[in-house]
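Visitor: The following block contains the structure, expressed as structure tokens.
We did not get these values from a lab; they are worked out from the coordinates using the rules stated. Here the structure is a predicted model, which means the values were calculated and not measured. Note: ideal-geometry Cβ built from the backbone for every residue, glycine included; neighbour counts use all protein chains shown.
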Amino acid sequence: MWVQLRCGLEPKTLAALAVILVAGAVFAGMHFWSARPEGVRAPDMVGEAVHAPTPETDPEPEGRARPEPSPGPAAGPGGQIVVDVSGKVRNPGLRRLPAGSRVDDALTAAGGARPGADLAGLNRARVLMDGEQIVVGVPPAASPAPGVAGPAAEGSGSGPVSLNTATAEQLEGLPGVGPVLAQHIVDYRTQHGGFRSVDELREVNGIGDRRFADLRPRVRP
């Protein structure tokens, strides 16, 4: 009514103008709705990784031989050693022992040391070597002074011991000879006027074939 009075419009014109305004408002609303921003959906994560195909290893040529593992070193068989046990032991002579045996094992195999034998200078824990000689209870012989000769010098040398001049103490240094057997040798020498040959040792009380075999290369008449 106010527009009609203000502008002098007729009712029909005013109705047409109202329709145009409503249509424009509807069109503007539709345009605004279609132009609104839409949310963008993130793509789904790939569930499984795509693996590239692994190239297959080419088979070896037929003419090429595959290397074989080299065998390890073979363990050597356990052996034995032979040692010579002499001096003040109950059963002197050669003894066969397992490899790696010690001096104490050799003493046990020879029946042990005789009573009174001095073992202070003997390392009983030492490992034995094949072909070794073990002298028990006999101290190293002292070298004679220059120009000194006689029975003592003969008994202390590296050569054979004289059965006719050696003392009982020197005879005890021989393998398997103790104080009793040394005295028997001295008594035989006194009764028979000395030894004419080494073979006469067989007639001394206490010397058998085995002990004679040990003494023969170490003595002389």
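Visitor: Check which residues have an amide H placed less than 5 Å from residue 122's amide H, if you skip close sequence neighbours.
Guide: Placed amide hydrogens put nothing under 5 Å from residue 122.
Visitor: From the residues 166, 186, 207, which one has its Cα farthest along the dipole of the range 152-220 in the positive direction, the dipole being from +1 and -1 charges on Cβ of Lys/Arg and Asp/Glu about the Cα centre?
Guide: Value: 207.
Visitor: Counting only residues 5 or more places away or on other chains, whose amide H sits under 5 Å from the amide H of residue 177 once H atoms are built in the peptide plane?
Guide: Under 5 Å from the amide H of residue 177 lie the amide H atoms of 87, each far enough along the sequence or on another chain.
Visitor: Could you tell me how many cubic angstrom of Cα convex hull volume the range 162-221 has per residue?
Guide: Convex hull of Cα atoms, per residue: 68 Å³.
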